[in-house]
Amino acid sequence: MVESQHYDVVIVGGGIAGLSVALRLPANLRVALFTKGQLGESNTRYAQGGLTVALGADDSPELHLQDTLAAGAGLCDVTTARILAEEAPAAVRWLISMGVQFDHARPGDSHATADGLLLGREAAHSRWRILHAGGDATGAEIERALVVAVRQRTSIHVYAETFVHRLLVDRDVCVGLEARDRTGRAFSVSASATILANGGAGGLWLRTSNPAGATADGLALAWRAGAALTDLEFMQFHPTVLVGNGSSHLISEAVRGEGAYLRNHAGERFMPRYHELAELAPRDVVARSILSEMLAEETDCQYLDLRHLDSATMYRRFPTISAICHEQGLDLARDLLPVAPAAHYCMGGVMTDADGRTTVDGLYAVGEVACTGVHGANRLASNSLLEGLVFGLRLAAGLAEPERIHALPAGRVAFEVPVYDDFQADADLLRVQPDEQKIGQARSQVRQLMWQFVSLRRDQAGLLEARRQLHALRQELAQTETVSTEDPVAQAAWQETVNMFKVAELVIAAALQRHESRGSHWRGDYQQSDAQLARTHYVFHPLSIQQHALPKLQEMVQHG
Ligand SMILES: Cc1cc2nc3c(=O)[nH]c(=O)nc-3n(C[C@H](O)[C@H](O)[C@H](O)COP(=O)(O)OP(=O)(O)OC[C@H]3O[C@@H](n4cnc5c(N)ncnc54)[C@H](O)[C@@H]3O)c2cc1C
């Protein structure tokens, strides 16, 4: 380790969550912000449909809350979900003050806010309440504006293309991190508060809407630092990812919000058979229905149909998706678009309270990497950008006033699952450095087995087989010949792969634990929801640090 620097706050992640925290902290605090790719490259950048806020004349935070709870299938934390809905309008005003330009209504548009912002509709929302930008380029606009603002803030030091590979824990308190930059220079940073805003885990599955960087690094970092993780069995599979020609581009829910139909190969509009809201049913219902049709027909896709909608309006409303379709030789408004479910969003994560605190002192988490409990078993469309924003602003406010007494959430009913982990297996794996080809193979094997056995529909036999194969692969890799490399890209790729192994194991353990189907967790061998598990969360924590983690964990949850 060559050098060590000190900051007041260190943030890992430059998506909406990390950037919101950084910008909301007072300018007298010294902040370090890390991104493993270029600043601006994140899942946030690819968000299409938009951001939820109850600003329509017929809408209210209470209605937004009710829709969030309904989608969450009985597992939302009502306290944090209420915060999400109630603090959304002020948070959105802050975002606009940072320079984000949402789309404005034109004459003739019927759904708009009092100050003229155009409102869209998405599945399982009872009102028109989705703000968007550039039609379907909402995330790109948010990322653009926040990156500009961060670059203007001299108190924020950005470490781009710098991979964070370890959190530093001293006497049970997180005191900073270690990282390696693009030149291969390794260094450490100490800080009073370390914030994980690393985003999600979609990259663990072969088919995903996520860009390549979503390798669950934050979950693995938190786990090795001793933090509790929860709800990992709940991975949302987005129903409509464009397939064919190796494509894995998302077709936003907003397209169905504007009236698109889903059809099977026989041309039947099948969704009314599955749910009264048809194409606007919650995401888990639509994804399951599509898969059921695929299984019944033995096909590998279903079709999205916009042919009955006004084509000029569709091209204007969805320019990005239109261009994606064009690249695949498809016309958004005139062709049937082949779609299938793919891994999209991780509802579970590092367990936090409403102020971003984890079970480890000094360590905070926010955005997709965190589990505040707002999404329950199934995230309502366009609630995730909002979660990163609202809880990012709250976290920053809490850190700005350290003397503030933080109120803990009312309590989730939690069932603790201690997992013995002395981290030796990860240490063994990290000691080897396979060549590039071997790393590529290992990643594909993990993604393949997660896709095959831990997908939208899973059962005990498949989950156990996935666990067996992962273990065998880990053993094999631990014997791999180490290549000598100073290449920081290769080193980071291997770190990511080891993180994928760790989180895949934990997801499998969580999926094995929940003997019911609920929200995004569909067990072929337990098809029904179990009323007794309606408010139960499985909270995993590494046993080797149980002594110090338990009191804080017990403070945060009530035992079921
Ligand atoms: C195609 C697509 C469309 C979507 N559409 C919508 C939508 O319309 N509405 C909505 O609400 N949500 C949408 N989502 C989900 C939403 O975009 C994400 O949940 C959200 O952007 C996550 O933000 P974040 O700040 O938590 O993380 P991210 O935006 O993913 O940022 C993660 C950051 O962490 C950094 N990082 C990760 N690991 C490391 C490491 N080891 N070292 C250093 N840096 C690291 C990355 O470089 C990056 O800067 C969509 C997602 C996708 C993929």
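Only one entry in Gln479, Gln441, Gln424, Gln475 is surrounded by fewer than 21 Cβ atoms within 10 Å (Cβ to Cβ) and modelled with pLDDT of 95 or more, namely Gln441. In the range 130-156, the residues that are modelled with pLDDT under 95 form Cβ pairs under 6 Å with partners that are hydrophobic (A, V, I, L, M, F, W, C), at six or more places apart or across chains, as follows: Gly135/Phe318; Asp136/Phe318; Asp136/Ile321.
State the number of residues belonging to the range 61-76 that are of a type in the set (S, T, N, Q) and more than 16 Å from the ligand (Cβ to nearest atom). Selection size over the range 61-76: 1. Residues in the range 344-370 that are of a type outside the set (A, V, I, L, M), touching a Phe, Trp or Tyr at 6+ places or on another chain (Cβ under 9 Å) and more than 10 Å from the ligand (Cβ to nearest atom): Gly348, Thr352, Asp355, Gly356, Arg357, Thr358.
Scanning the range 186-214 for residues that are more than 7 Å from the ligand (Cβ to nearest atom), within 22 Å of Val158 (Cα to Cα) and either of a type outside the set (A, V, I, L, M, F, W, C) or surrounded by 24 or more Cβ atoms within 10 Å (Cβ to Cβ) (or both) gives Ser188, Ser190, Ser192, Ala193, Thr194, Ile195, Leu196.
Checking each residue in the range 28-60 for being surrounded by 24 or more Cβ atoms within 10 Å (Cβ to Cβ), more than 6 Å from the ligand (Cβ to nearest atom) and under 30 Å from Gln5 (Cβ atoms) picks out Val31, Ala32, Leu33. Annotation note: Cβ proximity below 6 Å between a residue of the range 363-374 that is within 9 Å of Met347 (Cα to Cα) and in contact (Cβ under 8 Å) with a residue 12 or more places away in the chain and a residue that is among the polar types (S, T, N, Q) and near the ligand (Cβ under 9 Å from one of its atoms) (sequence gap 6+ or interchain) occurs for Val369/Asn198. Looking at the range 333-351, is at least one residue out of contact with any strand residue (DSSP E or B) (no Cβ under 8 Å at 6 or more places or on another chain), of a type in the set (A, V, I, L, M, F, W, C) and touching a residue at least 60 places away in the same chain (Cβ under 8 Å)? Looking through the range 333-351, none of the residues is out of contact with any strand residue (DSSP E or B) (no Cβ under 8 Å at 6 or more places or on another chain), of a type in the set (A, V, I, L, M, F, W, C) and touching a residue at least 60 places away in the same chain (Cβ under 8 Å).
Criterion first (in contact with a Phe, Trp or Tyr (Cβ under 6 Å, 6 or more places away or on another chain) and of a type outside the set (A, V, I, L, M)) does Arg224 satisfy it?
Yes: the conditions hold for Arg224.
For Gln328, the test of being touching a helix residue (DSSP H, G or I) at 6+ places or on another chain (Cβ under 6 Å) and of a type in the set (S, T, N, Q) is failed. Residue count for the range 235-283, restricted to those that are over 26 Å from Arg523 (Cα atoms) and touching a Pro at 6+ places or on another chain (Cβ under 7 Å): 1. Out of all the residues in the range 166-180, which are within 10 Å of the ligand (Cβ to nearest atom) and out of contact with any Asp or Glu (no Cβ under 6 Å at 6 or more places or on another chain)? Listed by number, the residues that qualify are Leu177, Ala179, Arg180.
The values are calculated or read from the model by the stated rules, or taken from the named source; none is laboratory data. Predicted model only: the values in this text are computed from it and were never measured. Backbone-built Cβ (ideal geometry, glycine too); neighbour counts: all protein chains shown.
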